Amino acid sequence: QVQLVESGGGLVEPGGSLRLSCTASGRIFGFAVMAWYRQAPGKQREFVALSSSAGTTNYSNSVKGRFTVSRDNNKKMAYLQMNNLQAEDTAVYYCKARQGTSDYWGQGTQVTVSS
């Protein structure tokens, strides 16, 4: 079993920054793909960014250039550095791990961007 726990969310003013963390436990290995998704009120969950086991990254167009995804396989952690946050970034952010054919999700962390 794999468990994921997100942390680091909160309230930030427009233009501010936050760093989300995803702590994994259980039988998760360095070849897992780690990804971040978000879900705003009344909207579907959407892809934000991912980090492959090979170190490649991919971002949605809406966050490219502002967000940076990274991982530390030794610590079983993934991170999402979010800069220049805007109101439209307000959402619950979820960490997802894909290992083989299995997907694992965290419970989410709220990010609110407001003045």
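Laid out as a table, the results:
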| quantity | calculated |
| --- | --- |
| Å² of accessible area per residue within the chain, as computed with a 1.4 Å probe and no ligands counted | 53 Å² |
| Listed residues Phe67, Thr90, Thr23: farthest to the positive end of the dipole of the chain (Cβ charges) | Thr23 |
| Sulfur and carbon atoms: percent of accessible area, region 21-115 [1.4 Å] | 47 percent |
| Given charges at beta-carbon only (K, R positive; D, E negative), |dipole| of the chain in Debye | 300 debye |
| Per principal axis, descending, Cα span of the chain in whole Å | 41, 24, 23 |
| Low-density loop positions, trypsin sites (Lys or Arg not before Pro), region 61-115 - DSSP coil, at most 16 other Cβ in 10 Å | Lys64, Arg66, Lys75 |
| In Hz, Karplus ³J(HN,Hα) per residue of region 70-79 (6.51, -1.76, 1.60; θ = phi - 60°; x = Gly, Pro) | 8, 8, 10, 5, 5, 8, 6, 10, 10, 9 |
| Relative contact order for the chain, counting Cα pairs under 8 Å that sit 6 or more residues apart, in percent | 37 percent |
| 5 angstrom amide H check on Asn58, placed H, neighbours 5+ away | Leu50 |
| Vicinal HN-Hα couplings computed from phi for region 92-109 (Karplus, 6.51 cos²θ - 1.76 cosθ + 1.60; Hz; Gly/Pro x) | 8, 9, 10, 9, 10, 10, 10, 10, x, 9, 9, 10, 10, 10, x, 8, x, 9 |
| Size of region 5-51 as Cα extents on the principal axes (Å, biggest first) | 37, 22, 16 |
| Ser25 versus Gln44: modelled label distance in nm, points set 7 Å from Cα along the beta carbon direction | 3.4 nm |
| Qualifying chymotrypsin sites (Phe, Trp or Tyr not before Pro) for region 2-41 [loop in DSSP, other Cβ within 10 Å: at most 12] | Phe31 |
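The values are calculated or read from the model by the stated rules, or taken from the named source; none is laboratory data. Note that this is a predicted model, so its numbers are computed, not measured. Methodologically, a virtual Cβ is constructed for each residue, glycine included, from the backbone with ideal geometry; neighbour enumeration extends over all protein chains shown. Side chains are part of the model used for accessible areas, which takes the heavy atoms of the whole protein and leaves out ligands, DNA and RNA. Shrake-Rupley method; radii C 1.70, N 1.55, O 1.52, S 1.80 Å.
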